[in-house]
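S.K.: Right, I'll just put the structure down here and ask away after.
The values are calculated or read from the model by the stated rules, or taken from the named source; none is laboratory data. In this text the structure is predicted, and so the values were computed from the model without any measurement. Please note: Cβ atoms are built from the backbone with ideal geometry, for glycine as well, and neighbour counts cover all protein chains shown. Heads up: the accessible areas ignore ligands, DNA and RNA and are worked out on the full protein's heavy atoms, side chains in. Shrake-Rupley method; radii C 1.70, N 1.55, O 1.52, S 1.80 Å.
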Amino acid sequence: AQSVTQLGSHVSVSEGALVLLRCNYSSSVPPYLFWYVQYPNQGLQLLLKYTSAATLVKGINGFEAEFKKSETSFHLTKPSAHMSDAAEYFCAVIADSGNTPLVFGKGTRLSVIA
Amino acid sequence: KAGVTQTPRYLIKTRGQQVTLSCSPISGHRSVSWYQQTPGQGLQFLFEYFSETQRNKGNFPGRFSGRQFSNSRSEMNVSTLELGDSALYLCASSLDRVGNEQFFGPGTRLTVL
C-alpha cells in the first residue's frame with residue numbers, strides 16, 4: 001500500500017523567499033509521484049510529476065521537485081515566492097503496479113507575505 | 001480541448017434526501033475517478049470507473065454509488081444524505097495508462113442542512 005506524508009499543514013513565506021514544501025512517501029513498489037495545486041473554490045491542477053525519467057522534475061510556474069529514493073522524499077521547491085503562489089498544495093503517489101487509486105497527502109497551505 | 005466539467009457547481013440539500021452529481025471527462029479519457037474533499041479528512045478516494053465498470057472503490061458506505069456511461073460520462077449518487085456528507089466532490093479523468101496524471105474538474109460543493 002502507498003501513503004504520503006506532507007510535513008506542515010501550513011507554511012508561510014515572504015514574497016521573494018524560497019518555497020519548500022515537504023513530501024515523504026511510502027510505497028512497496030516503484031512509485032509515480034505528483035504535486036497538485038488547488039486555488040480557492042477550484043479543482044486541482046497538476047504542477048509536476050515524477051515518472052522515473054529524471055530525478056529532478058521541473059513543473060509549471062517555476063516549481064520543481066527532486067525525487068530522492070534513499071530518503072523516500074519528493075519535496076517541492078520554488079526559488080522565489082510570488083503572491084500568486086498562495087494556495088493549497090497536495091503531494092500524491094500511485095504505484096507502478098497496475099490500476100490502483102491515487103493516494104493524496106493531507107495538503108500544505110502556502111501563505112505568501114508581502 | 002475542453003477540460004473536465006462537473007455539474008452542478010453548488011448544491012444544497014437536507015438530511016435524508018438523495019443527490020446525483022455529474023462529471024464529463026476530457027474527450028478520449030476513459031477513466032473517471034471521484035474524490036470527497038473535506039477540511040478534516042482531506043482528499044479521500046471514492047471510486048474509479050473505466051469502460052462502464054467500477055475498477056476501484058474507496059472506503060465509503062454503500063450510500064455512495066456511481067456509474068459510468070458508454071460515452072465515459074459519470075455520475076455519482078449519495079442517498080439518505082447526512083450532515084457529514086457536506087463536502088467538495090471532485091471528479092478526475094485520465095488516460096488509461098499507469099502513472100498518467102489525473103485532470104480534475106472544478107468540483108461540486110454539496111451542503112447538507
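S.K.: Quick check on A:Ser26: is it out of contact with any strand residue (DSSP E or B) (no Cβ under 9 Å at 6 or more places or on another chain) and not aliphatic (A, V, I, L, M)?
M.R.: no
S.K.: OK, next. In this structure, is B:Val4 open to solvent by less than 20 Å² (accessible area, probe 1.4 Å), more than 17 Å from B:Ala92 (Cβ to Cβ), at pLDDT 95 or above and among the aliphatic types (A, V, I, L, M)?
M.R.: Against the criterion (open to solvent by less than 20 Å² (accessible area, probe 1.4 Å), more than 17 Å from B:Ala92 (Cβ to Cβ), at pLDDT 95 or above and among the aliphatic types (A, V, I, L, M)), B:Val4 does not qualify.
S.K.: Considering only residues that are open to solvent by 20 Å² or more (accessible area, probe 1.4 Å) and of a type in the set (D, E, K, R), look in segment B:32-78 and name the one that is farthest from the other protein chains (Cβ to nearest Cβ).
M.R.: Step by step, filter segment B:32-78, then rank; the result is B:Arg63.
S.K.: Taking the condition of being crowded, with 18+ Cβ neighbours inside 10 Å, within 12 Å of chain A (Cβ to nearest Cβ) and in a strand (DSSP E or B), how many residues in segment B:79-113 meet it?
M.R.: So the count comes out to 10.
S.K.: Also, quick follow-up: Does A:Phe74 count as under 14 Å from the mean Cα position of the chain (by Cα) and closer than 22 Å to B:Tyr35 by Cβ?
M.R.: So A:Phe74 passes the test.
S.K.: Here is a further query. Looking at segment A:62-71, is at least one residue within 30 Å of B:Arg9 (Cβ to Cβ) and hydrophobic (A, V, I, L, M, F, W, C)?
M.R.: The answer is yes, given that some residue of segment A:62-71 is within 30 Å of B:Arg9 (Cβ to Cβ) and hydrophobic (A, V, I, L, M, F, W, C).
S.K.: A follow-up question, please. Within segment B:19-31, count every residue that is assigned to a strand (DSSP E or B) and away from chain A (no Cβ under 14 Å).
M.R.: 3
S.K.: In addition: Can you pull out the strands (runs of 3 or more DSSP E) entirely within segment A:1-110 that have at least 1 residues that are at the interface with chain B (Cβ under 9 Å from one of its Cβ atoms) and open to solvent by 60 Å² or more (accessible area, probe 1.4 Å)?
M.R.: Per the criteria, A:44-50.
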